[in-house]
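The values are calculated or read from the model by the stated rules, or taken from the named source; none is laboratory data. No experiment lies behind these values; they were computed from the predicted model shown. All Cβ positions, glycine included, derive from the backbone under ideal geometry; neighbour counts span all protein chains shown.
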Amino acid sequence: MANTNGGRRTKVARIIDEYELTGMGARLEAAWTGESGNRQSLRDLADEFNEAVVESSLRDVESTPLEFEVSGTYHALSDESNADATRARRRLEREGVDVDELESNFVTHQAIHTYLKRDRDATLPEKIVIPGNERSNRSKSSRVVSPLSQSRRCHRSPRLVNSIETSTRCSWTCARFVRTAVPVSQ
């Protein structure tokens with residue numbers, strides 16, 4: 001892991017060390033860059049990371065994480081507006097987990113991005129240029145599209161793209177896509 005940010009550690013790097021999440025950095029990088037063939041969104045990676053933090057917290061207080069539904073507990077805590085969050089907090093407190101500290105160690109998708117870029121020097125695969133719209137010079141002659149955003153149209157966006165790859169979240173983070181076989185014509 002190369003730390004190129006002048007000695008300052010990112011929150012994600014600090015939490016990986018604090019919670020002894022061995023191999024998490026490599027897993028995050030491989031999932032984000034698509035080493036295994038499928039890329040995961042930064043939001044999905046943040047959820048996965050935060051669930052690992054919950055699981056590690058339970059292990060630290062010598063509780064068996066299998067007694068808890070780790071994913072459900074994390075999602076209940078991250079949605080503080082419902083009764084499930086209160087139940088999850090109380091259950092964790094009974095087990096001896098400092099819930100306020102735990103929640104303060106949850107990270108956002110942006111923290112994951114910063115960690116991957118600064119600490120891991122990770123880069124995404126190159127973008128594919130499709131005739132129609134090039135963003136770099138704002139002309140309408142070609143369009144730059146990430147391989148994972150192709151073959152999808154967000155339910156909020158009227159723009160269609162050529163079909164090549166599989167799904168990822170849309171730019172509005174709605175996670176809803178509509179398949180289309182209609183080619184782009186501009």
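Being β-branched (V, I, T) and more than 15 Å from L102 (Cα to Cα) is the filter here; which residues of segment 63-85 pass it?
Correct list: T64 only.
Looking only at segment 12-26, count how many residues are surrounded by 16 or more Cβ atoms within 10 Å (Cβ to Cβ) and either modelled with pLDDT under 90 or not hydrophobic (A, V, I, L, M, F, W, C) (or both).
So the count comes out to 2.
Check off (1) of a type outside the set (D, E); (2) under 20 Å from the mean Cα position of the chain (by Cα); (3) surrounded by fewer than 19 Cβ atoms within 10 Å (Cβ to Cβ); (4) within 23 Å of D17 (Cα to Cα) for G72 and give me the number that stays unchecked.
Failing condition for G72: (4).
Regarding segment 102-110, can at least one residue be identified that is without any contact (Cβ under 8 Å) to a residue 12 or more places away in the chain and either of a type outside the set (F, W, Y) or on the phi > 0 side of the Ramachandran plot (or both)?
There is at least one residue in segment 102-110 that is without any contact (Cβ under 8 Å) to a residue 12 or more places away in the chain and either of a type outside the set (F, W, Y) or on the phi > 0 side of the Ramachandran plot (or both).
I'd like to know if segment 67-83 contains one or more residues that are of a type in the set (A, V, I, L, M), touching a residue at least 40 places away in the same chain (Cβ under 8 Å) and in the same structural domain as E51 (by TED's automatic domain parsing). Explain how you work it out, then say what you get.
First, pick out the residues of segment 67-83 that are of a type in the set (A, V, I, L, M): 70, 76-77, 83.
Narrowing the set further to residues that are touching a residue at least 40 places away in the same chain (Cβ under 8 Å) leaves none.
So far as segment 67-83 goes, no, none of its residues is of a type in the set (A, V, I, L, M), touching a residue at least 40 places away in the same chain (Cβ under 8 Å) and in the same structural domain as E51 (by TED's automatic domain parsing).
Scan segment 37-62 for residues that are under 15 Å from L102 (Cα atoms) and either of a type in the set (D, E) or free of Cβ contacts under 8 Å to residues at least 40 places away in the same chain (or both) and jot them down.
D47, E48, E51, A52, E55, S56, L58, R59, D60, V61
Please tell me if A111 is among the small types (G, A, S), at pLDDT 95 or above and within 25 Å of G34 (Cα to Cα).
When the stated conditions are applied, A111 passes them.
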